[in-house]
Amino acid sequence: MSTGMTTRERLAIDRVHMVELDADSRSRNFDEVNRGLTPEEAVREAQRCIRCTNRQCVAGCPVGVSIPEFITALADGNLREAARILTRDNALPAVCGRVCPQETQCEARCVRGIKGEPVAIGYLERFVADWATANVAELGDEPLPPPTGRRVAVVGCGPAGLTAAGELARKGHGVTIFEALHDTGGVLRYGIPEFRLPKTIIDAEVARLLALGVTVECNVIIGKTLTLAQLREEFDAVFIANGAGLPVMLSIPGENLKGVYSANEYLTRVNLMGAGRDPGSTTPIIAGKRVAVIGGGNTAMDCVRTARRLGAERAMIIYRRSEEQMPARVEEIKHAKEEGVEFVMLTAPIAIGGDKDGWVATLRCLRMELGAPDSSGRRSPVPVEGSAYDIAVDVVVNAVGTRANPLLTATAPELKLNRWGNIATDDNGATSVAGVYAGGDIVRGGATVILAMGDGKQAAAAIHDWLNRR
Ligand code: FAD
Ligand code: SF4
């Protein structure tokens with residue numbers, strides 16, 4: 001038990017290391033790479049927290065999780081209380097414990113990081129959340145207020161929509177989520193592969209939210225099956241959280257050849273439809289022995305590591321800047337390298353070449369060098385003259401980014417958009433239409449799970465106020 005520990009004793013404990021699957025074997029299957037902490041490791045790590053009064057870690061968390069409080073409960077061996085605090089503050093803690101970039105958020109603010117390594121907040125979040133999932137019965141049902149009789153429609157069942165739905169249900173409002181796909185979770189399910197985020201984790205967290213009385217209607221596309229105007233007639237308020245899933249094209253010759261995928265299509269085929277993994281899947285995928293993935297973010301890492309698992313002998317990241325400039329998490333880059341992924345840096349694709357039957361055969365690239373800093377302060381890549389060369393490939397995956405899909409907004413001209421086609425909102429998520437709120441990637445452009453969840457939480461509070469004022 002940690003209750004009697006001195007600060008000096010806490011400071012003497014080293015940060016825990018999480019066990020990972022062996023790189024050679026894991027690069028041939030979809031098993032989760034990070035294996036979690038043992039109860040002893042989790043308690044020991046929790047004892048490293050020095051319980052600061054100014055709670056800098058909480059300020060770094062977009063959903064304001066009571067971090068020192070749940071860690072203290074864990075350090076004291078009170079898992080029930082730790083789980084109660086965590087699941088109250090965070091609708092998807094087992095997801096966040098696996099995919100949030102804690103190193104730039106809560107852990108970046110942890111005071112223990114000033115002179116050493118921060119408390120492994122993400123690992124502890126994952127540990128407590130997994131305990132909560134395994135002990136649902138012990139935690140019991142959450143008490144809910146009486147129904148208010150108000151009804152809210154949520155568009156999209158990703159992290160923003162799920163968070164808002166949970167918060168609104170906890171206030172007693174009736175919530176229906178409309179989801180275009182046949183399953184819940186948004187990018188969590190169709191984008192992030194199981195070796196980072198197992199589907200059973202998403203299922204358990206969604207089930208906890210649905211137990212609050214939220215209804216989900218899948219296979220309903222707002223903008224096609226129903227319009228925003230129809231939702232406004234039927235519901236007292238609407239929260240739009242339909243993400244930003246439309247791929248940005250490469251705009252280079254050869255993009256329409258067979259064997260060229262957008263990251264979105266590639267990952268959805270494998271993760272949501274089981275292509276290349278599930279023998280019963282009716283959705284095909286071209287596995288490819290030589291796969292080039294263009295981009296340097298999380299999505300590119302997920303695609304290239306998926307390509308390795310589908311049997312690629314050469315799985316390559318093609319990125320026009322340097323490795324230090326890659327937006328992917330450091331851990332993703334490390335894992336990809338261990339799994340045999342090749343990093344072809346300072347290289348820009350300029351054309352995709354095909355064979356006589358229209359299949360991808362080569363990726364023509366230019367070597368780049370770093371020039372003067374651009375407006376973001378990053379040194380811009382500049383082509384090296386006469387450096388064009390071909391890489392032999394069977395599959396090319398475009399992972400340079402996504403933007404807002406205009407499907408919904410094209411049928412709702414009353415919604416004000418910004419110049420990139422994202423829905424414009426005020427700081428509380430209110431759109432130009434009274435009673436209609438929006439958040440997550442549809443407002444920010446491609447961002448992170450926790451920022452989408454923060455938007456969902458904030459918009460739910462604003463919707464609750466708005467409903468009360470009516
Ligand atoms: P989404 O998750 O996109 O959910 C939107 C939902 O709305 C989807 O289910 C979609 O089908 C549905 N929808 C769309 N249009 C309609 C419509 N017209 N009617 C009804 N439903 C509709 N972030 C991290 O923090 N960590 C990571 O490791 C990470 N990895 C990523 C890996 C990949 C491959 C990708 C693509 C993104 C990753 N991100 C990561 C980003 C993160 O997943 C997103 O920022 C987050 O999911 C956005 O949440 P959202 O709820 O706004 O939208
Ligand atoms: Fe604990 Fe770090 Fe938060 Fe301080 S900043 S309370 S040490 S987790």
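The values are calculated or read from the model by the stated rules, or taken from the named source; none is laboratory data. Please read all numbers here as calculations on a predicted model, not as lab measurements. Here Cβ is always computed from backbone atoms with ideal geometry, including for glycine, and neighbour counts include all displayed protein chains.
Total residues in segment 29-64 satisfying the condition of being within 16 Å of ligand 1 (Cβ to nearest atom) and under 23 Å from residue 7 (Cα atoms): the figure is 1.
Being touching a residue at least 12 places away in the same chain (Cβ under 8 Å), of a type in the set (Asp, Glu) and farther than 24 Å from residue 301 by Cβ is true for just one of 385, 414, 339. Which residue is that?
Exactly one of 385, 414, 339 is touching a residue at least 12 places away in the same chain (Cβ under 8 Å), of a type in the set (Asp, Glu) and farther than 24 Å from residue 301 by Cβ, namely 414.
Scan segment 35-56 and report the pairs whose first residue is under 17 Å from residue 78 (Cβ atoms) and of a type in the set (A, V, I, L, M) and whose second residue is within 16 Å of ligand 1 (Cβ to nearest atom) and modelled with pLDDT under 95, with Cβ atoms within less than 6 Å and a gap of 6+ or a chain change. Here the result reads none, with nothing in segment 35-56 linked to a residue that is within 16 Å of ligand 1 (Cβ to nearest atom) and modelled with pLDDT under 95.
Assuming residue 72 fulfils every condition listed in (1) closer than 23 Å to residue 201 by Cβ; (2) within 16 Å of ligand 2 (Cβ to nearest atom) apart from one, which condition is it? Among (1) closer than 23 Å to residue 201 by Cβ; (2) within 16 Å of ligand 2 (Cβ to nearest atom), residue 72 violates only (1).
Checking the conditions here, which among 233, 265 is of a type outside the set (Lys, Arg), free of Cβ contacts under 8 Å to residues at least 24 places away in the same chain, outside any strand (DSSP E or B) and outside the structural domain of residue 356 (by TED's automatic domain parsing)?
Selected residue: 233, the only one of 233, 265 that is of a type outside the set (Lys, Arg), free of Cβ contacts under 8 Å to residues at least 24 places away in the same chain, outside any strand (DSSP E or B) and outside the structural domain of residue 356 (by TED's automatic domain parsing).
The single residue among 86, 168, 144 that is more than 28 Å from residue 409 (Cβ to Cβ), among the hydrophobic types (A, V, I, L, M, F, W, C), more than 13 Å from ligand 1 (Cβ to nearest atom) and not assigned by TED's automatic domain parsing to the domain that holds residue 35 turns out to be 144.
The residues in segment 426-462 that are more than 9 Å from ligand 1 (Cβ to nearest atom), among the β-branched types (Val, Ile, Thr) and in contact with a Gly (Cβ under 7 Å, 6 or more places away or on another chain) can be counted, and the count is 0.
Between 175, 216, the distinction of being without any contact (Cβ under 8 Å) to a residue 60 or more places away in the chain, in contact with a Cys (Cβ under 8 Å, 6 or more places away or on another chain) and more than 9 Å from ligand 1 (Cβ to nearest atom) belongs to 216 only.
The set of residues in segment 172-217 being within 23 Å of residue 35 (Cβ to Cβ) and in a loop (DSSP other than H, G, I, E, B) consists of 185, 191, 192, 193, 194, 195, 196, 197, 198. Selection of segment 435-451 for residues being in contact with a strand residue (DSSP E or B) (Cβ under 6 Å, 6 or more places away or on another chain) and at pLDDT 95 or above yields 435, 436, 437, 438, 442, 443. Here the condition is being at negative phi, of a type outside the set (A, V, I, L, M), assigned by TED's automatic domain parsing to the domain that holds residue 230 and within 16 Å of ligand 1 (Cβ to nearest atom); of 157, 100, 96, it holds for 157 alone. Scanning segment 86-115 for residues that are away from ligand 2 (no atom under 11 Å from the Cβ) and either more than 21 Å from the chain's Cα centre (by Cα) or not in a helix (DSSP H, G or I) (or both) yields 90, 91, 92, 100, 101, 105, 115.
Please verify whether segment 42-58 includes one or more residues that are of a type in the set (Lys, Arg), surrounded by 20 or more Cβ atoms within 10 Å (Cβ to Cβ), within 10 Å of ligand 2 (Cβ to nearest atom) and farther than 30 Å from residue 267 by Cβ.
Scanning segment 42-58, I find at least one residue that is of a type in the set (Lys, Arg), surrounded by 20 or more Cβ atoms within 10 Å (Cβ to Cβ), within 10 Å of ligand 2 (Cβ to nearest atom) and farther than 30 Å from residue 267 by Cβ, so the answer is yes.
Say we look at segment 415-425 and pick out the residues that are more than 13 Å from residue 243 (Cβ to Cβ) and surrounded by 12 or more Cβ atoms within 10 Å (Cβ to Cβ); which of these is farthest from ligand 1 (Cβ to nearest atom)? This residue is 416. Assess whether residue 196 counts as being within 16 Å of ligand 2 (Cβ to nearest atom) and under 24 Å from residue 297 (Cβ atoms). The answer is no for residue 196.
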